[in-house]
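Right, one structure below, let's go through it.
What follows draws every value from the coordinates through simple rules; no lab data is involved. Predicted, not measured: the structure shown is a model, and the values here were computed from it. Cβ coordinates were reconstructed from backbone atoms using ideal geometry, including for glycine residues, and neighbour counts include every protein chain displayed.
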Amino acid sequence: MLTRMLGYFGRVFPQLKRAFWSRLYERMARDRDPEWLFMNYGFVDAASPAPVLEPADEHDRLAIQLYHHVIDTGELPGKDVLEVGCGRGGGVGYMARYLRPRFLVGLDLSPRALTLSRIRGHGQHVQFVCGDAQALPFPPARFDAVVNVESSHCYPVMENFLAEVFRVLRPGGLLLYADLRFHEAVGRLQTQVRAPGFRVLRERDITRNVLRALELDTPRRAALINRKVPGVMQGSFQAFAGMAGTRFYEMLAHGRGAYLSFVLQKPA
Ligand SMILES: C[S@@+](CC[C@H](N)C(=O)[O-])C[C@H]1O[C@@H](n2cnc3c(N)ncnc32)[C@H](O)[C@@H]1O
């Protein structure tokens with residue numbers, strides 16, 4: 001109910017929605033835990049070989065597998081890549097080390113999350129920029145690919161974000177995208193992603209893959225929330241974190257929502 005009310009007010013008062021998410025992620029970034037690099041629900045695909053990771057990355061395997069699924073096009077090495085909604089920088093670090101793009105920019109609304117990302121230092125070809133997904137601070141045709149993982153549900157006007165991505169992509173460039181939506185918004189998303197002129201190269205409903213990751217990760221999430229969040233707020237955080245048996249997990253598990261991924265191309 002609360003989430004639907006937020007959704008409604010967010011559509012009527014877009015700045016309110018932006019302010020809500022901006023405050024929430026800024027607050028979460030006060031926790032400077034160096035082990036906490038990712039903020040997505042994760043992904044498991046029993047039908048495909050799991051990506052080979054360095055031992056130090058095993059801790060984040062489920063979150064990395066979501067990135068791996070989204071960007072697994074073979075297109076990023078040697079390219080100019082932007083991640084919009086990069087959070088604490090885990091995805092940027094993964095792409096920088098495993099895919100070796102020529103130039104990689106992580107953009108987020110939360111200055112504190114970006115400070116955490118910068119601390120880890122990924123080399124001179126990686127930059128972090130504070131900005132809004134709906135007004136990207138880059139010239140037209142600057143990037144070969146834009147990556148967007150579990151961030152767009154926060155944007156007040158999805159169409160503005162998609163138009164901006166279309167603008168900053170070079171002809172032939174790719175938007176590599178994944179996020180969740182309530183059931184009634186799934187059709188709207190499918191229309192929205194096509195509207196700027198993108199060609200859909202791949203569209204997948206990955207709800208089952210995300211649910212499986214959440215099931216596997218629920219004990220770790222529960223332990224973290226127990227340790228970090230005051231008792232009265234633990235229920236809301238458990239739901240927000242998608243723990244099995246809580247609100248967003250149940251929404252996805254019972255068809256009241258879906259988690260989708262797309263590979264979209266700006267025509268050459
Ligand atoms: C669930 S986190 C996902 C972070 C990262 N992609 C990951 O998988 O770990 C969503 C991120 O989107 C960012 N965000 C929300 N609204 C945004 C906006 N309007 N512009 C840029 N980033 C935004 C938040 O600050 C947060 O870091």
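A few remarks follow.
- Furthest towards positive pole of dipole, Leu174, Gly131, Ala96, structure part segment 74-201, Cβ charges: Ala96
- Rg over Rh [alpha-carbon atoms, Kirkwood Rh] for segment 82-187: 0.96
- Note: relative contact order over the chain, using C-alpha pairs below 8 Å and six or more positions apart, is 19 percent.
- Each Lys and Arg adds +1 at its Cβ and each Asp and Glu adds -1 at its Cβ; summed about the Cα centre, the chain shows a dipole of about 520 debye.
- Rounded to the nearest Hz, the phi-derived 3J(HN,Hα) couplings of segment 120-133 under the Karplus curve 6.51 cos²θ - 1.76 cosθ + 1.60 (θ = phi - 60°) are 6, x, 10, x, 6, 8, 10, 10, 10, 10, 8, x, 9, 4, where x marks glycine and proline.
- Cut-off 18 Å, label 7 Å out along Cα→Cβ of Arg32, residues of segment 99-137 by amide N: 110-122
- Straightening the chain between Gln127 and Gln15 buys 37.6 nm, computed as 0.36 nm per residue apart minus the Cα-Cα spacing.
- Per-residue HN-Hα couplings for segment 168-173 [Karplus 6.51, -1.76, 1.60; θ = phi - 60°; Hz; x = Gly/Pro]: 7, 7, 6, x, x, x
- Long-range amide H partners of Val105 with built H, under 5 Å: Val81, Leu82, Glu83, Gln127
- In Hz, Karplus ³J(HN,Hα) per residue of segment 223-239 (6.51, -1.76, 1.60; θ = phi - 60°; x = Gly, Pro): 5, 4, 5, 4, 7, 9, 10, x, x, 5, 9, 5, x, 5, 5, 4, 5
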